[in-house]
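To start, the structure under review is shown below, and the notes come after it.
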Amino acid sequence: MPTQADAPLHLRLLGAPRLARGETEVRLTTRKSLALLSVVAVERRTTRAKLAGLFWGHGDADAARRNLRRELHRLREAGMGDALLADDDIVAVSPRLDCDVHAFLAALEDGRAHDAAVAYAGPLMDGFDLADGGAFDDWLAQQRDLLARRFGEATRRHAEALEATGDAAGALQSYTRLIAQEPLQESHY
């Protein structure tokens, strides 16, 4: 009989971040734990050195790596031990962790603009920040911008395709979503 620990992990990062195991929301003990999990999930695989620099780059390298080990330990204590795969140099996302960013990017890669637009529930980690974010804040701003631009391109293409097929109502809905995303972009009007 499957247990709650066997349930898949879902990390929703487009819009307000949310982590769930099955249908049960998971609350992590620190915001930094969620931020760390999010970086690895978005990048799929990254180095410990990069993670240490993103979150603790202001101190010495040994202290940063110690802090990273402590944060990874907190994730394991919170029941997220199966969310990440780690060795001495690399931290990667586990196949057990489903992330909406991956679904969004896969839809874009497959040319499924409508599915990509549906998957994009808002800016990456909308409303999330760290008090001492430093380099993480820069990473988050860069990723938000990149994903928002990709969403805008896909939604514009979808709206144009709907318009070309005579679906004015569908095109208008897509253009309205673009305007909400980028109200100063005149071409959307």
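The values are calculated or read from the model by the stated rules, or taken from the named source; none is laboratory data. In this text the structure is predicted, and so the values were computed from the model without any measurement. Note that we place each Cβ from the backbone using ideal geometry, even for glycine, and neighbour counts take in every protein chain shown. We work out accessible area using only protein heavy atoms, side chains counted, and drop any ligands, DNA or RNA first. Shrake-Rupley method; radii C 1.70, N 1.55, O 1.52, S 1.80 Å.
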Seminar exercise, completed: If each part is reduced to its alpha-carbon centroid, region 85-107 and region 109-174 end up apart, in Å, by 20
Exercise. What percent of all Cα-Cα pairs in region 63-189 falls in each 10 Å bin, counting up from 0?
Worked result: 11, 31, 30, 16, 10, 2, 0
Exercise. Exactly which trypsin sites (Lys or Arg not before Pro) in region 5-39 are in a DSSP loop and have at most 16 other Cβ atoms within 10 Å?
Worked result: Arg27
Problem set entry | For Ala35, net neighbour charge (Lys/Arg +1, Asp/Glu -1) across residues whose Cβ lies under 15 Å away | +2
Seminar exercise, completed: A student applying the Cα gyration tensor rule (rounded when a/c is under 1.5; otherwise prolate if a/b is larger than b/c, oblate if not) would label region 1-154 oblate
Problem set entry | Reciprocal of mean inverse Cα separation for region 102-169 (Kirkwood radius, Å) | 13.2
Exercise. How high is the relative contact order of region 81-128, in percent, with contacts defined as C-alpha pairs under 8 Å that are six or more residues apart?
Worked result: 23
Exercise. In the neighborhood of Leu147, defined by Cβ-to-Cβ distances under 14 Å, what is the net charge if each Lys or Arg adds +1 and each Asp or Glu adds -1?
Worked result: -3
For this session: Can you work out the accessible area per residue across region 126-172, with the rest of the protein chains kept in place, probe 1.4 Å, in square angstrom?
Result: 56
Exercise. What ratio of Cα Rg to 2.2 N^0.38 Å holds for region 18-67?
Worked result: 1.30
Exercise. Using Cα pairs under 8 angstrom and six or more residues apart, how large is the relative contact order of region 31-189, in percent?
Worked result: 18
Problem set entry | Net charge of neighbours whose Cβ lies under 15 Å from the Cβ of Gly81, counting Lys and Arg as +1 and Asp and Glu as -1 | +1
For this session: Obtain the nm distance between the two label points defined at Val118 and Asp167 by a simple spin-label model: each point lies 7 Å from its Cα along the Cα-to-C-beta direction.
Result: 1.1
